[in-house]
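Colleague: Dumping the structure here so I can ask a few things about it.
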């Protein structure tokens, strides 16, 4: 059984202001929920149509009509859970860090979180006007990696003031295959439509570029760019 | 002005069987439509709320209410055009080719088409049960690259019978950074959820793997994998 107030709360969590107010986010489907249950993230309540979850504290058995009411999916998939938003951890500036300048597309962001997990990148920094990492679409496309990658929102001025090794992915820069990557640097990526903001372009002097093999295409998908750069960095610093 | 029959035709093109019947596909928004207008693909009819397109033959000026009726977008963007589906060209087996085994996600597919364009890959082969490349969501995420990459649907048996240099991206294989790529090979990628089909796994003996730097994550997003492999191949064959 699910109450009207519970339905109201869950529906309200599609908005950031309500996620912040209640300190909760939504995850759906066994794949992601099971990964989060194994992580350090704290479960608030789990709603499921499956007996598989009844042994879990704070789980509620519901019917498929009820799941349909609270799900963001066209075809709800067994389980929806509310988790507490964890506190962002202290950023480890001694490792490689990804910095996202006004990222807006939730699917792209989730894919990038998953990529950082794969390549052992522990921290992502986002400019304050970026999409919220607890947006349900980000959670879905991050596939559980959100529990293993630390995401911090901050003014990039705080990064620029730290005297760090900075590099930005841009259309005109050093070929990534020739660039000397280090074990600790902050790598900036721009917004999907507009690229890097003027502030980042002027503050970050080292620019890198993924070589292009045709003239007619203007840009690469953001998550594709991050994947290629991360693969190259990890290869080079592993060979060091 | 747009007629009822025209609206009916456009709406019907969201289904593959109707696209095949009329030999037409839909593109929306100035960015993609303008790229396709510059390409070899033939325009059938263009519907726009903007005076910018009135000089084009086969263009129809409509109002925003009419555009809303035919658009697949929540916020329609000035122009929707119908183009003729071009004939697939002969595959150039002397270059590198991407083979997609049951790709299902249109957004992923569009991103891969864009990646192939960026890296100068001219041919994509899809197994017959893959998503249609003229699906409106594929067209949108391919960002115009569909006009520069040749996509063919075929039974993979026809590829296996050709005595080609085959390699498949898999979870257990040679590290891509150590693999000796050639100037002509067919590189297979599996389905988003299930990976490579048993047939491909058994027929393609050379397996490659993107190195992973954590244990807890199971898989990488398909388009991310393609981007990393293509970047590595192009770098190696350029250095040859």
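The values are calculated or read from the model by the stated rules, or taken from the named source; none is laboratory data. Treat the numbers as computed from the prediction; the structure is a model and nothing was measured. Glycine gets a Cβ as well: all are built from the backbone with ideal geometry, and neighbour counts include every protein chain shown.
Colleague: Any residue at all in the range A:57-70 that is part of a helix (DSSP H, G or I), touching a residue at least 12 places away in the same chain (Cβ under 8 Å) and either within 22 Å of residue A:131 (Cα to Cα) or out of contact with any helix residue (DSSP H, G or I) (no Cβ under 9 Å at 6 or more places or on another chain) (or both)?
Modeller: Checked against the condition, which is being part of a helix (DSSP H, G or I), touching a residue at least 12 places away in the same chain (Cβ under 8 Å) and either within 22 Å of residue A:131 (Cα to Cα) or out of contact with any helix residue (DSSP H, G or I) (no Cβ under 9 Å at 6 or more places or on another chain) (or both), the range A:57-70 yields at least one hit.
Colleague: Another one. Within the range A:6-20, is there a residue that is out of contact with any strand residue (DSSP E or B) (no Cβ under 8 Å at 6 or more places or on another chain), surrounded by 15 or more Cβ atoms within 10 Å (Cβ to Cβ) and assigned to a loop (DSSP other than H, G, I, E, B)?
Modeller: No, because not a single residue in the range A:6-20 is out of contact with any strand residue (DSSP E or B) (no Cβ under 8 Å at 6 or more places or on another chain), surrounded by 15 or more Cβ atoms within 10 Å (Cβ to Cβ) and assigned to a loop (DSSP other than H, G, I, E, B).
Colleague: To continue, here is another question. Somewhere in the range B:118-134, is a residue within 12 Å of chain A (Cβ to nearest Cβ), within 21 Å of residue A:221 (Cα to Cα), touching a helix residue (DSSP H, G or I) at 6+ places or on another chain (Cβ under 7 Å) and assigned to a helix (DSSP H, G or I)?
Modeller: No: zero hits.
Colleague: Still on this structure: Please determine, by comparing only the residues of the range A:36-56 that are part of a loop (DSSP other than H, G, I, E, B) and under 21 Å from the mean Cα position of the chain (by Cα), which one is surrounded by the most Cβ atoms within 10 Å (Cβ to Cβ).
Modeller: Within the range A:36-56, the match that is surrounded by the most Cβ atoms within 10 Å (Cβ to Cβ) is A:41.
Colleague: Here is a further query. Please find, within the range B:99-113, the residue that is nearest to the other protein chains (Cβ to nearest Cβ) out of those that are farther than 17 Å from residue A:107 by Cα and touching a helix residue (DSSP H, G or I) at 6+ places or on another chain (Cβ under 8 Å).
Modeller: Once the filter is applied, the top-ranked residue is B:113.
Colleague: Of the residues B:228, B:176, B:208, which single one is facing chain A (nearest Cβ under 9 Å) and in contact with a strand residue (DSSP E or B) (Cβ under 7 Å, 6 or more places away or on another chain)?
Modeller: Being facing chain A (nearest Cβ under 9 Å) and in contact with a strand residue (DSSP E or B) (Cβ under 7 Å, 6 or more places away or on another chain) holds for just one of B:228, B:176, B:208, which is B:176.
Colleague: Taking the options B:74, B:162, name whichever one is surrounded by fewer than 16 Cβ atoms within 10 Å (Cβ to Cβ), in the same structural domain as residue B:34 (by TED's automatic domain parsing) and outside any strand (DSSP E or B).
Modeller: So the residue among B:74, B:162 that is surrounded by fewer than 16 Cβ atoms within 10 Å (Cβ to Cβ), in the same structural domain as residue B:34 (by TED's automatic domain parsing) and outside any strand (DSSP E or B) is B:74.
Colleague: Restrict the check to the range B:150-167 and report whether at least one residue is within 14 Å of another protein chain (Cβ to nearest Cβ) and either touching a helix residue (DSSP H, G or I) at 6+ places or on another chain (Cβ under 6 Å) or more than 30 Å from residue A:209 (Cα to Cα) (or both).
Modeller: Looking for residues that are within 14 Å of another protein chain (Cβ to nearest Cβ) and either touching a helix residue (DSSP H, G or I) at 6+ places or on another chain (Cβ under 6 Å) or more than 30 Å from residue A:209 (Cα to Cα) (or both), one finds none in the range B:150-167, hence no.
Colleague: Just to be sure I understand, how many residues within the range B:179-205 are assigned to a strand (DSSP E or B) and more than 14 Å from every other protein chain (Cβ to nearest Cβ)?
Modeller: 5
Colleague: Out of (1) over 23 Å from the mean Cα position of the chain (by Cα); (2) in contact (Cβ under 8 Å) with a residue 12 or more places away in the chain, what's the single condition that is false for residue B:214?
Modeller: (2)
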